[in-house]
1. In the set Ser431, Ser455, Ser487, which member is surrounded by 13 or more Cβ atoms within 10 Å (Cβ to Cβ), out of contact with any Phe, Trp or Tyr (no Cβ under 6 Å at 6 or more places or on another chain) and either within 24 Å of Ala340 (Cα to Cα) or modelled with pLDDT under 85 (or both)?
2. Please specify each residue of the stretch 466-513 satisfying the condition of being in contact with a Lys or Arg (Cβ under 7 Å, 6 or more places away or on another chain) and assigned to a strand (DSSP E or B).
3. For the stretch 103-138, which residues satisfy the criterion of being small (Gly, Ala, Ser) and part of a strand (DSSP E or B)?
4. When you scan the stretch 350-464 for strands (runs of 3 or more DSSP E) that lie fully inside it, which ones turn up with 1 or more residues that are over 45 Å from the mean Cα position of the chain (by Cα)?
5. Are any of the residues in the stretch 214-236 at pLDDT below 90, in the same structural domain as Gln289 (by TED's automatic domain parsing) and of a type in the set (A, V, I, L, M, F, W, C)?
6. Looking at (1) within 18 Å of Tyr313 (Cα to Cα); (2) touching a Ser or Thr at 6+ places or on another chain (Cβ under 6 Å); (3) surrounded by fewer than 16 Cβ atoms within 10 Å (Cβ to Cβ), can you tell me which one Thr186 breaks?
7. Those residues that are over 17 Å from Thr299 (Cβ atoms) and of a type in the set (Ser, Thr, Tyr), I need them from the stretch 244-283; list them, please.
8. Contact list please: Cβ distance under 7 Å, first residue in the stretch 451-479 and in the same structural domain as Asp371 (by TED's automatic domain parsing), second residue part of a strand (DSSP E or B) and modelled with pLDDT under 85, pairs at least six apart or on different chains.
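The values are calculated or read from the model by the stated rules, or taken from the named source; none is laboratory data. Small disclaimer: the values here were computed from a predicted structure and weren't measured. FYI the Cβ positions are ideal-geometry reconstructions off the backbone, even for glycines, and counts take in every protein chain you see.
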Amino acid sequence: MKSLYPYFLKLTLLSVITLLLAPAQRLQAQACSTAQGNRTTYGTNNVWIGYVYTGENFNNYQGYINEGNSSSPDFNEGFGGSGATFNTAGCSVQADNMSVRYLLNQTFAAGTYIITVGGDDGYRFSTNGGSTWLINKWVDQSYNSVTDTVTLNGNYNFELDYYQDGGANQVTFNITQICLGSGDQTIYGANNVWKGYIYQGENFQTYKGATTEGSSSSPNFNENFGNPGGSNTATYFTNQCSITTSQFSARYRLAQTLPAGNYSFTAGGDDGFRLSFDGGATWPINMWQDQSYTTTTYTTTLTAGTYNTVLEYYQDAGDDIVSYTSTFSTLPVTINTWTATLLPGDKALLKWTASDAVDFDHFIIQRSTDDETFTDVATIGSATADSTLTQQYSYTDQFTYNGNVFYRLAMVDHDGTTTYSTIAVLPMQESAAIRIYPTVVTNGQLTVESPSSISQAQFQLYDMNGQKLLVRNWSEFQGIQQVAIGSNLAAGAYIALLSDGQSILTKQIIIVK
């Protein structure tokens, strides 16, 4: 029987040779004689050069492609989908079992950057031409991405490698600079102009830069951050960086030198807001919570001085608005003493002391003979300009009148606001025949005495502020009349008057308890 060994040996050798030649034949079938690009040159000006190969490990070079554009190096490449034909500068490849090496030489300003690379299948990214890999996911996988934060400053050779084994194919790149604000965030604005410090994050986490609010004429403002619709995606710019108008916060500072006066401060916001006048140590307005737009008013009396005002605001989501308004009215000048003294020759010596003459202009001395209608006698200017010190004033009025004369001070501020002092009463002439006694009253009773008949007699009692407390009328009065002034009056000085329509008798009495 003929041996079959030589036949099997020949068949085995042919099979081995065929298997060994097959890859070479397959690679030779994929070779591209017209492939362009030298595979080592880096792209510039945000435009990558991507060198494309058949095989998952850069086996056979086919040509180059470009990704990115002059404004951004970001790209998202899908190669036309699984099994598609993808063209390069040279030859086309089937978008399966392929690889690409992307190169980009780029200069970056000093800063912090977020780099995101993704792929299906493997990808890896380097900032130093492939010496080390910042991101390395060189495995078969469904599409996913990896993000890393790096500090860049200067020139870098970026390399992004990608391979595709089969099925879906995609590679992506994105770089974003994290803009961080710099500078002192504790400086206060002045001259009605707030300094505002803006942060990404609801609790002042990432400082983004400064802005201003208010104007030289008024510190009031209403800010909607360029997003009146509350879209949560609008961009608001500071002097350094921008923020996205969702989950951010602001701290506004203003040093205010305020005169003494009555103030109303109103703050508002959507969402939280709070207002302080001592640099944030206390918060008279505190609405630090998620809410629709609302306002809160704080009314107070302030002494003259400088106040470190702080308005803080945060926004969670939805509408963006923060507001501030204030109103002011000066306090009236303070009258410390005010007296009227009768001098010989029908003269009245008027003397007073005053303090807190802030935003104050002048006094007007006014006179009346009926305690109702007053006429101007003289104008006395303020002794100082905007001073809280106590100043002394005096004026002598000559006025002939048979009866009581009433004096008061009208106090006029720079803006025309007028307030009035208490009323001082002087008897310019006394009728000796009529008496009112005793001077010191202990039992709530006064005695009125007239030796002659008085027609249409009237008795009146005033406190030292000029307020009328009691009136008694007699059609005909003669002799002695008891007048009950009551036991509920407070201890102190009072003025009693008795008149007959032509003459007036006044008497200062003292009530004791």
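1. From the options Ser431, Ser455, Ser487, the qualifying one is Ser431.
2. Val483, Ala496
3. Result: Ala109, Ala110, Gly111, Gly118, Gly119, Ser126.
4. Output list reads 360-368, 375-381, 391-398, 404-413, 424-427, 435-437, 445-463.
5. Step one: filter the stretch 214-236 for residues at pLDDT below 90, giving 226-235.
Right, trim to in the same structural domain as Gln289 (by TED's automatic domain parsing) and you get 226-235.
So of that shortlist, the ones also of a type in the set (A, V, I, L, M, F, W, C) come out as 234.
Within the stretch 214-236, one or more residues are at pLDDT below 90, in the same structural domain as Gln289 (by TED's automatic domain parsing) and of a type in the set (A, V, I, L, M, F, W, C).
6. Unmet condition: (2).
7. Residues satisfying the conditions are Thr244, Thr245, Ser246, Ser249, Tyr252, Thr257.
8. none
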